[in-house]
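Asks: After the structure tokens below, expect a handful of questions from me.
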Amino acid sequence: MRPLTDSPLARDGHVLILAYDHGLEHGPTDFADLPSTADPAGVFDLATHDAVTALAVQKGVAEAYYPSYADEITLLAKLNGTSNLWVGEPNSAVNWTVDAAADLGASAVGFTLYGGSNHEVEMAEEFRAIQEDARAHDLPVVMWSYPRGEGVEDDTTPEVIAYAARLALELGADVAKVKYPGSREAMEWAVQSAGPVHVVMSGGSKTDDRSFLESVEAVMAAGGAGLAVGRNVWQRENAAEMLDALGRIVHDGASVDEALAALA
Ligand code: FBP
């Protein structure tokens, strides 16, 4: 387990990952309200913001854009992913090997595990191979730990999110990316359950400024390491200002009211 003080994913122990794998996971509808967001270059530009500690993208986007940004951006290679066109039990194709991601210059790798899916067993076995390859390359591993499928009625209850965080520890991830379980107390349970694994919140669909920032503040107060966020940043016209605000909470320990001052 690599502490965040020594991790390429963090600054001073705090994590602010910008996620942009939505073109695969959700499709172009995520770009419809702000069509400029379909262009990866705009999001790579955003990821050069001081507050961002890493950018998570899939292989094709990384191959096409990362070489031009290699000096400015820490690449988190998202190794598996599935389109929204898939209708079966939650599952995720492994699209990228650790070796190829390392060759491109990735500083960390990410993998989605759908605990509770009928495909959990094969996904956990795929994770094992990736985790061991990542250890060989000295790359930290972020688990998108998203219980869902037939075995999971509600994927954001405190019990499910604590279990999601624990799965990351049991299977050997360095960082657990989990959905917000609705309160600081529930997030504390997730953080405790993860032991030495660092827990970050998954951003979720775009919501109003205050509610979103309050959830981030609660995660930090609960002992979380930060967040990995996509739509709540780049779906906003004022995305850079939102990163200013997030940086204040995640890196500087500011309150929501102090952070809101960054949003004109
Ligand atoms: P958001 O902050 O936009 O929710 O992005 C986080 C993320 O994990 C992305 O990496 C991924 O594309 C998406 O959420 C998956 O969301 P879901 O599977 O819940 O629809």
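The values are calculated or read from the model by the stated rules, or taken from the named source; none is laboratory data. Remember, predicted model here, so these are calculated numbers, not experimental data. Positions of Cβ are generated from backbone atoms using ideal geometry, with glycine treated the same way; all protein chains shown enter the neighbour counts. Ligands, DNA and RNA are excluded from the accessible area calculation, which covers all protein heavy atoms including side chains. Shrake-Rupley method; radii C 1.70, N 1.55, O 1.52, S 1.80 Å.
Asks: Run lengths n ≥ 4 of DSSP H only: what is the helix-derived mean residue ellipticity at 222 nm for the chain, with -39500 (n - 2.57) per run over all residues, to the nearest 500?
Replies: Working: 11 runs with 106 residues, N = 264.
For the chain, the value works out to -11500 deg cm²/dmol.
Asks: Taking all protein chains in place and a 1.4 Å probe, what share, in percent, of the accessible surface of the chain do carbon and sulfur account for? Can you show the working numbers first?
Replies: Numbers: 5160 of 10950 Å².
Ligands and nucleic acids excluded, carbon and sulfur give 47 percent.
Asks: Considering only protein heavy atoms, what is the solvent-accessible area of H198 at a probe of 1.4 Å, reported in Å² to the nearest 10?
Replies: About 40 Å², ignoring ligands and nucleic acids.
Asks: Could you sort 104-117, 250-263, 179-192 so that the peptide with the highest average Cβ count within 10 Å comes first and the rest follow in order?
Replies: Values: 104-117: 23.5, 250-263: 16.6, 179-192: 19.6.
Per-residue Cβ counts within 10 Å, averaged per peptide and sorted highest first, yield 104-117, 179-192, 250-263.
Asks: If you roll a 1.4 Å probe over the heavy atoms of the protein chains, what accessible area per residue do you get for segment 184-259, in Å²? List each step's numbers first, then the result.
Replies: On the way: 2780 Å² over 76 residues.
Accessible surface, normalised per residue, equals 37 Å².
Asks: What are the lysines whose alpha-carbon lies under 16 Å from the alpha-carbon of K206, with same-chain residues fewer than 8 places away excluded?
Replies: K206 reaches K179.
Asks: Here's another thing I want to ask about it. Going from most exposed to least, what order do E150, E63, E237, E25 have by accessible area with a 1.4 Å probe? Display every interim value, and only then the final one.
Replies: Working: E150 140, E63 105, E237 165, E25 30 Å².
The most accessible residue leads, giving E237, E150, E63, E25.
Asks: Calculate, in nm to one decimal, what T157 and D257 gain on full extension: separation in residues at 0.36 nm each, minus their alpha carbon distance.
Replies: Result for the pair: 33.2 nm of gain on full extension.
Asks: Any chance you could look up the accessible area of S36 with a 1.4 Å probe, heavy atoms only, rounded to 10 Å²?
Replies: 80
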